Amino acid sequence: MNIKTKVTLTVTSYTNEETIRLSYLADRYVKGVNQYFRYIEDSNEGMGQTVTLLKVGPEEIRIIRHGDIESEQTFAVGELRPGFYQTKQGTLQLETRTSHVSVHLEEGIGTVEWTYEMQLAGEPVGSYRLNVEIGEA
């Protein structure tokens with residue numbers, strides 16, 4: 001059964017240069033072994049009208065964006081995964097190599113964290129760590 005519940009997401013992105021923390025109200029769905037969190041990123045974050053889907057599974061994490069920004073990134077430990085980031089100006093092909101994933105969720109509440117390096121056209125562009133805190137709405 002696909003029951004929708006409301007949760008809060010606090011997404012913190014860490015790079016060598018900066019830390020960005022944003023909060024969202026999200027819909028949570030469960031389908032099989034995967035949990036899905038769907039939320040809207042506002043235009044004041046530079047995302048235009050963009051709906052984001054965070055898929056958390058036992059083997060991988062995936063972020064899919066639709067709207068003014070279209071993108072897809074997949075994160076699986078030890079693997080180099082293709083992705084893309086598309087704007088009105090064009091599409092960038094990228095790859096992510098994930099070194100760490102930690103999922104601690106009980107009934108959809110808890111934390112998801114992963115660390116990865118991103119490449120653009122085969123060249124490294126940076127190292128990132130994302131932490132998603134999920135709470136009751």
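Computed from the coordinates by the stated procedures, all read-outs in this text should not be read as laboratory data. What you are looking at is a predicted structure, and each value in this text was computed from that prediction instead of being measured. Virtual Cβ from ideal backbone geometry, glycine too; neighbours counted across all protein chains shown.
Restricting the trypsin sites (Lys or Arg not before Pro) of segment 23-101 to loop positions (DSSP other than H, G, I, E, B) with no more than 10 neighbouring Cβ atoms within 10 Å leaves Lys88. For the options Val56, Val11, Val33, a Gaussian network treatment of the chain with springs between C-alpha atoms closer than 10 Å singles out Val33 as fluctuating the most. Working note: Cα atoms of the chain, range along each principal axis, descending, whole Å: 41, 33, 29.
Taking only pairs that are 8 or more places apart or on different chains, how many Lys pairs in the chain have Cα atoms under 19 angstrom apart? Walk me through the numbers on the way to the answer.
Working: Lys4/Lys31; Lys4/Lys55; Lys6/Lys31; Lys6/Lys55; Lys31/Lys55.
Taking the chain as the scope, the lysine pair count is 5.
For Val101, what is the net charge nearby, where nearby means another residue's Cβ is under 10 Å from its Cβ and Lys, Arg count +1, Asp, Glu -1?
Numbers: positive: none; negative: Glu59, Glu60, Glu113.
In short, -3.
Would you mind counting up the charge near Tyr29? Only other residues with Cβ under 9 Å from its Cβ, with Lys and Arg at +1 and Asp and Glu at -1. Neighbour charge sum, excluding Tyr29 itself: +3.
Model label points for Glu70 and Gln49, set 7 angstrom from Cα along the Cα-to-Cβ axis, are 1.6 nm apart. Model label sites at Thr19 and Lys6, defined 7 Å from Cα along the beta-carbon direction, differ in position by 2.9 nm.
Here is the list for segment 38-137: GluC sites (Glu not before Pro) lying in DSSP coil, each with at most 16 other C-beta atoms within 10 angstrom of its C-beta, are Glu59, Glu79, Glu107.
Under 8 Å for C-alpha pairs, at least 6 residues apart: give me the relative contact order for the chain, rounded to a whole percent.
Values: 356 pairs, mean separation 27.4, N = 137.
Once normalised by length, the contact order is 20 percent.
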